[in-house]
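What follows is one structure encoded as structure tokens, with my remarks underneath.
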């Protein structure tokens, strides 16, 4: 139950983050996207944790899928020019986001499409399909991280 409450809070947080106008300074934009992706990561972790268990919590997966889809839509506004790394602005976003916008947009689009597919799978009752689509969703995240995010090492 605590996990569901946390996901509900994160959904509210992402909705708020997505609606903040992008007239904010670079540090504020980085903070917005960091919070949004952290919320999405927590939702994805809740999903994968329950899918690894003996009994999948369908309600957790469904709530997570909704939040993940919201992030997949909100992310398009989280990378305006000038919001990359620079003195006083800490971010894991690589400069390639802005030097290769078409490549970055393709990765964002792949994530958004798979978030839709995962949401559709979560609306059903087939846990095997949810697992499969969750794996594919994770692969879209990794694909973007490999090209456009500094490693955590």
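The values are calculated or read from the model by the stated rules, or taken from the named source; none is laboratory data. All values derive from a computational prediction rather than experimental measurement. FYI the Cβ positions are ideal-geometry reconstructions off the backbone, even for glycines, and counts take in every protein chain you see.
Might you check whether a residue that is more than 15 Å from residue 51 (Cα to Cα), part of a loop (DSSP other than H, G, I, E, B) and touching a residue at least 40 places away in the same chain (Cβ under 8 Å) occurs anywhere in region 141-150? Yes, the conditions are met somewhere in region 141-150.
Matching residues to (1) surrounded by fewer than 18 Cβ atoms within 10 Å (Cβ to Cβ); (2) under 21 Å from residue 139 (Cβ atoms); (3) touching a helix residue (DSSP H, G or I) at 6+ places or on another chain (Cβ under 7 Å); (4) at pLDDT 90 or above:
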residue: 34; (1), (2), (3), (4): yes, no, no, yes
residue: 39; (1), (2), (3), (4): no, yes, yes, yes
residue: 50; (1), (2), (3), (4): no, yes, yes, yes
residue: 58; (1), (2), (3), (4): yes, no, no, yes
residue: 77; (1), (2), (3), (4): yes, no, no, yes
residue: 85; (1), (2), (3), (4): yes, no, no, no
residue: 98; (1), (2), (3), (4): yes, no, no, yes
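Of all residues in region 120-143, count the ones that are under 15 Å from residue 66 (Cβ atoms) and crowded, with 19+ Cβ neighbours inside 10 Å. Reasoning before the result, please.
The initial filter retains those residues of region 120-143 that are under 15 Å from residue 66 (Cβ atoms), namely 120-124, 130, 133-134, 137.
From what's left, crowded, with 19+ Cβ neighbours inside 10 Å: 121-122, 130, 133-134, 137.
Qualifying residue count, region 120-143: 6.
Scanning region 86-104 for residues that are outside any strand (DSSP E or B), in contact (Cβ under 8 Å) with a residue 24 or more places away in the chain and more than 10 Å from residue 148 (Cβ to Cβ) gives 88, 90, 91.
Answer with yes or no whether residue 73 is part of a helix (DSSP H, G or I), closer than 25 Å to residue 52 by Cβ and in contact with a helix residue (DSSP H, G or I) (Cβ under 7 Å, 6 or more places away or on another chain). When the stated conditions are applied, residue 73 does not pass them.
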